[in-house]
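A.B. asks: Questions regarding the structure given below will be posed in turn.
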Amino acid sequence: MIEKVETKIGKGNLIIETGRMAKQADGAACVFYGDTAVLVTAVASTAIREGIDFLPLTVDYREKTYAAGKIPGGFFKREGRPSEKETLTSRLIDRPLRPLFPEGYYNETQIMATVISHDQDNDPDVLSIIGASTALALSQIPFTKIVGAVRVGRINGEFVANPSYNDLEQSDIDLVIAGTKNAIMMVEGGAKEVDEETMIAALEFGHQMLKDTIAIQEELVARCGKFKVPAPQILMDPAIVSQITSLASTKLTEIFRITDKLKRQQETELLFQSVLKQVPDATEQQVAQATTAFQELERRLLRDMVLKQSLRADGRGLKDVRPITIEVGLLPRVHGSALFTRGETQALVATTLGTSTDEQIMDELFGEYKKTFMLHYNFPPFSVGEVKPIRGPGRREIGHGKLAERSLASMMPSGDEFPYTIRVVSDILESNGSSSMATVCGATLSLMDAGVPIKAPVAGIAMGLVQEGSTAVILSDILGIEDHLGDMDFKVAGSKKGITGFQLDIKTEGLDLGVLGRALEQAREGRLFILEKMLGAIAQPRAEISRHAPKIIHMRIEPEKIRDVIGPGGRIIRGIVSETGAEINVEDDGRVLIAAVNPEAGEKAYNMIRALVEDVEVGKIYTGTVKRVLKFGAFVEILPGKEGLVHISELSDQRVRRVEDVLKEGDTVTVKCIEIDRQNRINLSKRAADIELGVKA
């Protein structure tokens, strides 16, 4: 039987339907908003694979091109590997749901979200989060905390729920917020230098809005939800827990005071192995319980250090930022480079300046567009002392790169101001927490070293949280271990003026907005401290771009004169490119971009194009070539394809008997335009040019 629920969100109605499609899945929901629809299914295996001690949750979001009435481009006419958008949305669905599965639930679980209709106006990502929560809630899978989601924008100072693509062009905020009825679980988005108070207001607005999406899910579950499989119970042997605690507590506390990450990890592993040896004749199950007990002890001791002693693993205070060192311009052939090191996290960031031919063409459901700014993040295994095969960027790398790109996008200059395609690459060389925010800092430095006139420098900081009951301690610039054992991973990027990038993940059942407000203020303090360090290394973008970068000359011509520059079959523009070596791009609106590493080549190409489109002006002096000599004068080409007559009487201020006595075909001569008559005939004078230039006859 088909069941349907509905509520008004923003400008449109959100509809959730079940019972029509995918009925063999454990749970299935179809979510509609406008003419956009997403089918989401949830399926879990009934058996647990041996040796599994984690939740094997897989989330796959895919966009069917038929949803927008399109056929895939390229040679293969079917959907291929996930696009960047699909990968990012898969992460967006996963992050608010994963912490809410019951502890000890290790059944293999798969969520699939498929876009089956797209109106090219409403983004399916928020609908997919809602659909995933609904599918899980309807199923027998022991997932009981229903999650809602909403996109928040702000237009003319007013918050807007689920703004369309067109609305977002006018918005200074773009946030996706997901959470339960009681608290926010996840935030992802960017802003245009928005202050902390406004950001908290946006989160509060979003949380109120998403409660409506939870209410209709609850209504649907009450009608047709399946009986839930009981959540697994983790039974620990008290004797093993007590033994592990007595054997490891003192030594673990000492190990936590080791500031070097790798040494701390080595000592922890050695301690664990020595403790295991003291559990006599341990069965496989007992080893597993000892492992869990050791990990729980590690978590509890670190959290107690923070909560009760205000101590951190590397000895810092709660608000302290790790030591920062910065080098810029260290790669001689690179257009812009920076090495940003913060504690044991290090990012080597390079900026490359290209031309319009380097723009990335994005073909997505809502249409095709071009990207002129790209940021790519790489996390090689050596950065954490590991050995792994390289298989291309993973979901984490794509997600971290997008966060850094979003944080800088609103600070990039316009195409008219700086007509370059810009690619930034961040290679993480060392990692001990907050590598995405190191990327933001390094990218800003690299861009300024490349001479990119960014609107304002941007820095980023990762915040953490340790919370027990009503006690909440906020940590600035978290380490990897604090991220792993803490309750929050909260990244904020921005300028001195305000926030530009924002990402929040909660590992408990939500976060109070009061605590989040404190975290935002502490993040602002840390961000300003880091910005000060960055500006000490390079205070502003360099006045000149690298001599190895292409120099771009920007000019505009009348659109009707484009054909004069291109020529029949492209003959003229190919000739200019061949003669000068410059790269030339002519846009339909008359914008011409000339790029050349050699400035002289670019200037020559510019002069050749200008000559093609320039109109002859009365009173202006030209240097031209004699094309024809007649009895009454000579025709001189002063601009490409434009000739004028120098009458015999205008050759000299003295009497000339024969034109050939002064000019011959092929001669180069300087003349002045003295008239353009009603028939657009151009009359020139050598005599007038000589007088003006002071040339004696």
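The values are calculated or read from the model by the stated rules, or taken from the named source; none is laboratory data. Since we're looking at a predicted model, the values are computed, not measured. Ideal geometry is used to build each Cβ from the backbone, glycine not excepted, and the neighbour counts take in all protein chains shown.
A.B. asks: Out of all the residues in the stretch 603-613, is one or more of a type outside the set (Phe, Trp, Tyr), closer than 23 Å to Glu359 by Cα, in the same structural domain as Glu558 (by TED's automatic domain parsing) and in contact with a helix residue (DSSP H, G or I) (Cβ under 8 Å, 6 or more places away or on another chain)?
C.D. replies: Taking the stretch 603-613 first, the residues of a type outside the set (Phe, Trp, Tyr) are 603-605, 607-613.
Still in the list and also closer than 23 Å to Glu359 by Cα: 605.
Adding the requirement that they be in the same structural domain as Glu558 (by TED's automatic domain parsing) leaves 605.
Keeping just the survivors that are in contact with a helix residue (DSSP H, G or I) (Cβ under 8 Å, 6 or more places away or on another chain) gives 605.
Yes; the residues of the stretch 603-613 include at least one that is of a type outside the set (Phe, Trp, Tyr), closer than 23 Å to Glu359 by Cα, in the same structural domain as Glu558 (by TED's automatic domain parsing) and in contact with a helix residue (DSSP H, G or I) (Cβ under 8 Å, 6 or more places away or on another chain).
A.B. asks: Could you figure out which of (1) surrounded by fewer than 19 Cβ atoms within 10 Å (Cβ to Cβ); (2) among the polar types (S, T, N, Q); (3) in contact with a strand residue (DSSP E or B) (Cβ under 6 Å, 6 or more places away or on another chain) isn't true of Ser310?
C.D. replies: (3)
A.B. asks: Looking for something touching a helix residue (DSSP H, G or I) at 6+ places or on another chain (Cβ under 7 Å) and surrounded by fewer than 17 Cβ atoms within 10 Å (Cβ to Cβ) - is there at least one such residue anywhere in the stretch 326-347?
C.D. replies: Checking the stretch 326-347: not a single residue is touching a helix residue (DSSP H, G or I) at 6+ places or on another chain (Cβ under 7 Å) and surrounded by fewer than 17 Cβ atoms within 10 Å (Cβ to Cβ).
A.B. asks: Of the residues that sit in the stretch 259-294 and are among the aliphatic types (A, V, I, L, M) and in contact (Cβ under 8 Å) with a residue 40 or more places away in the chain, which one is nearest to Gly343 (Cα to Cα)? Talk me through it step by step, then tell me what you get.
C.D. replies: First, the residues of the stretch 259-294 that are among the aliphatic types (A, V, I, L, M): 262, 270-271, 275-276, 279, 282, 287-288, 290, 293.
From what is left, the residues that are in contact (Cβ under 8 Å) with a residue 40 or more places away in the chain are 262, 288, 290, 293.
On the way: Leu262: 13, Ala288: 34, Ala290: 33, Ala293: 30 Å.
Ranking the candidates gives Leu262 first.
A.B. asks: From the list Thr134, Thr65, Thr87, which one is under 20 Å from Tyr165 (Cβ atoms), of a type outside the set (Lys, Arg) and either touching a helix residue (DSSP H, G or I) at 6+ places or on another chain (Cβ under 7 Å) or free of Cβ contacts under 8 Å to residues at least 40 places away in the same chain (or both)?
C.D. replies: Working: Thr134 fails: under 20 Å from Tyr165 (Cβ atoms); Thr65 fails: either touching a helix residue (DSSP H, G or I) at 6+ places or on another chain (Cβ under 7 Å) or free of Cβ contacts under 8 Å to residues at least 40 places away in the same chain (or both).
Result: Thr87 is the single residue among Thr134, Thr65, Thr87 that is under 20 Å from Tyr165 (Cβ atoms), of a type outside the set (Lys, Arg) and either touching a helix residue (DSSP H, G or I) at 6+ places or on another chain (Cβ under 7 Å) or free of Cβ contacts under 8 Å to residues at least 40 places away in the same chain (or both).
A.B. asks: Looking only at the stretch 289-305, decide whether some residue is of a type outside the set (Ser, Thr, Tyr), under 42 Å from the mean Cα position of the chain (by Cα), assigned to a loop (DSSP other than H, G, I, E, B) and buried (at least 18 other Cβ atoms within 10 Å of the Cβ).
C.D. replies: no
A.B. asks: If Arg687 satisfies all but one of (1) under 30 Å from Val577 (Cβ atoms); (2) part of a helix (DSSP H, G or I), what's the number of the condition it fails?
C.D. replies: Result: Arg687 passes all but (1).
A.B. asks: Among all residue pairs at least 6 apart or on different chains, which show Cβ distances below 7 Å where the first residue, located in the stretch 648-660, is touching a residue at least 12 places away in the same chain (Cβ under 8 Å) and the second is of a type in the set (Phe, Trp, Tyr) and loosely packed, with under 13 Cβ neighbours inside 10 Å?
C.D. replies: These pairs meet every condition: Ile648/Phe632.
This table checks each residue for (1) under 20 Å from Val150 (Cα atoms); (2) in contact (Cβ under 8 Å) with a residue 24 or more places away in the chain; (3) part of a helix (DSSP H, G or I).
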site	(1), (2), (3)
Asp174	yes, no, no
Met185	yes, yes, no
Glu193	no, yes, no
Ile200	yes, yes, yes
Glu204	yes, yes, yes
Met209	yes, yes, yes
Ile216	yes, yes, yes
Phe227	no, yes, no
Gln233	no, yes, no
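A.B. asks: If you don't mind, there's one more thing I want to ask. Any residue in the stretch 446-464 that's farther than 15 Å from Leu535 by Cβ and assigned by TED's automatic domain parsing to the domain that holds Met374: show its pairings with residues that are surrounded by 21 or more Cβ atoms within 10 Å (Cβ to Cβ) and among the aromatic types (Phe, Trp, Tyr) at Cβ separation under 8 Å, as long as the two are six or more apart or on different chains.
C.D. replies: Val452/Tyr420; Ala462/Phe490; Met463/Phe490; Gly464/Phe490
A.B. asks: When you check Glu84 against the structure, is it touching a Ser or Thr at 6+ places or on another chain (Cβ under 8 Å) and among the acidic types (Asp, Glu), yes or no?
C.D. replies: On the way: touching a Ser or Thr at 6+ places or on another chain (Cβ under 8 Å): no; among the acidic types (Asp, Glu): yes.
It is false that Glu84 is touching a Ser or Thr at 6+ places or on another chain (Cβ under 8 Å) and among the acidic types (Asp, Glu).
A.B. asks: A follow-up question, please. Within the stretch 1-112, considering only strands (runs of 3 or more DSSP E) that don't extend past its boundaries, which have at least 2 residues that are basic (Lys, Arg)? Steps first, answer last, please.
C.D. replies: Numbers: elements: 3-9, 12-18, 27-33, 36-44, 57-63.
Passing ranges, in order: 3-9.
A.B. asks: Please tell me if Glu50 is on the phi < 0 side of the Ramachandran plot, among the charged types (D, E, K, R) and within 26 Å of the chain's Cα centre (by Cα). Full working, then the answer.
C.D. replies: Working: on the phi < 0 side of the Ramachandran plot: yes; among the charged types (D, E, K, R): yes; within 26 Å of the chain's Cα centre (by Cα): no.
No.
A.B. asks: Related question: Restricting the search to the stretch 432-489, which residues are aliphatic (A, V, I, L, M), farther than 20 Å from Arg312 by Cβ and outside any strand (DSSP E or B)?
C.D. replies: The first filter runs over the stretch 432-489 and keeps only residues aliphatic (A, V, I, L, M), leaving 437-438, 440, 443, 445, 447-448, 450, 452, 454, 456, 458-459, 461-463, 465-466, 472-475, 478-479, 481, 485, 488.
Adding the requirement that they be farther than 20 Å from Arg312 by Cβ leaves 440, 443, 445, 447-448, 450, 452, 454, 456, 458-459.
Residues satisfying the conditions are Val440, Ala443, Leu445, Leu447, Met448, Ala450, Val452, Ile454, Ala456, Val458.
A.B. asks: Tell me which of these Met374 doesn't satisfy, since it passes every other one: (1) surrounded by fewer than 19 Cβ atoms within 10 Å (Cβ to Cβ); (2) out of contact with any helix residue (DSSP H, G or I) (no Cβ under 8 Å at 6 or more places or on another chain); (3) at pLDDT 95 or above.
C.D. replies: It fails just one condition, (2).
A.B. asks: Where in the stretch 310-386 are there strands (runs of 3 or more DSSP E), lying fully within it, with 2 or more residues that are in contact (Cβ under 8 Å) with a residue 40 or more places away in the chain and of a type in the set (A, V, I, L, M)? Break it down into steps so the answer makes sense when it comes.
C.D. replies: Values: elements: 324-328, 336-342, 345-354, 360-364, 367-371, 373-378.
By residue number, 324-328, 336-342, 345-354, 373-378.
A.B. asks: Could you count how many residues in the stretch 423-465 are in contact with a strand residue (DSSP E or B) (Cβ under 8 Å, 6 or more places away or on another chain), β-branched (Val, Ile, Thr) and surrounded by fewer than 24 Cβ atoms within 10 Å (Cβ to Cβ)? Please lay out each step first, then the result.
C.D. replies: Initially, the stretch 423-465 is screened for residues in contact with a strand residue (DSSP E or B) (Cβ under 8 Å, 6 or more places away or on another chain), giving 423-452, 456, 458-465.
Restricting the remaining residues to those that are β-branched (Val, Ile, Thr) gives 424-425, 428, 439-440, 444, 452, 458, 461.
The next check asks that each one be surrounded by fewer than 24 Cβ atoms within 10 Å (Cβ to Cβ); those that pass are 425.
Going through the stretch 423-465 one residue at a time, the tally reaches 1.
A.B. asks: Something else now. Answer yes or no: is there a residue in the stretch 116-125 that is on the phi > 0 side of the Ramachandran plot and in contact with a helix residue (DSSP H, G or I) (Cβ under 7 Å, 6 or more places away or on another chain). Walk me through it before giving the result.
C.D. replies: From the stretch 116-125, those on the phi > 0 side of the Ramachandran plot are 120; that's our starting set.
This time we only want the ones that are in contact with a helix residue (DSSP H, G or I) (Cβ under 7 Å, 6 or more places away or on another chain), so: 120.
Yes: the stretch 116-125 contains one or more residues that are on the phi > 0 side of the Ramachandran plot and in contact with a helix residue (DSSP H, G or I) (Cβ under 7 Å, 6 or more places away or on another chain).
A.B. asks: Could you please find all residues in the stretch 592-608 being out of contact with any strand residue (DSSP E or B) (no Cβ under 6 Å at 6 or more places or on another chain) and either within 15 Å of Arg563 (Cα to Cα) or of a type in the set (Lys, Arg) (or both)?
C.D. replies: Listed by number, the residues that qualify are Lys604, Met608.
A.B. asks: Report, by residue number, each residue of the stretch 353-371 that is over 25 Å from His118 (Cβ atoms) and surrounded by 11 or more Cβ atoms within 10 Å (Cβ to Cβ).
C.D. replies: Going through the stretch 353-371, the residues over 25 Å from His118 (Cβ atoms) turn out to be 353-358.
Leu353, Gly354, Thr355, Ser356, Asp358, listed by residue number.
A.B. asks: Given the criteria modelled with pLDDT of 90 or more, acidic (Asp, Glu) and buried (at least 16 other Cβ atoms within 10 Å of the Cβ), does Asp94 qualify? Before you say what the answer is, go through the steps one by one.
C.D. replies: Working: modelled with pLDDT of 90 or more: yes; acidic (Asp, Glu): yes; buried (at least 16 other Cβ atoms within 10 Å of the Cβ): yes.
In short, yes.
A.B. asks: OK, next. Looking for something over 30 Å from Ile474 (Cα atoms) and either part of a helix (DSSP H, G or I) or free of Cβ contacts under 8 Å to residues at least 60 places away in the same chain (or both) - is there at least one such residue anywhere in the stretch 529-541?
C.D. replies: Step one: list which residues in the stretch 529-541 are over 30 Å from Ile474 (Cα atoms), which gives 538-541.
Still in the running and either part of a helix (DSSP H, G or I) or free of Cβ contacts under 8 Å to residues at least 60 places away in the same chain (or both): 539.
Looking through the stretch 529-541, at least one residue is over 30 Å from Ile474 (Cα atoms) and either part of a helix (DSSP H, G or I) or free of Cβ contacts under 8 Å to residues at least 60 places away in the same chain (or both).
A.B. asks: Now for a different question. Which condition from (1) closer than 26 Å to Ala183 by Cα; (2) out of contact with any Ser or Thr (no Cβ under 8 Å at 6 or more places or on another chain); (3) crowded, with 17+ Cβ neighbours inside 10 Å is the one that Ala135 breaks?
C.D. replies: Tallying (1) closer than 26 Å to Ala183 by Cα; (2) out of contact with any Ser or Thr (no Cβ under 8 Å at 6 or more places or on another chain); (3) crowded, with 17+ Cβ neighbours inside 10 Å, Ala135 fails exactly one: (2).
A.B. asks: While we're on this one: Go through the stretch 427-447 and give me each residue that's hydroxyl-bearing (Ser, Thr, Tyr) and under 19 Å from Ala549 (Cβ atoms). Before you say what the answer is, go through the steps one by one.
C.D. replies: We begin by selecting, within the stretch 427-447, every residue hydroxyl-bearing (Ser, Thr, Tyr); these are 431, 434-436, 439, 444, 446.
Thr444, Ser446, listed by residue number.
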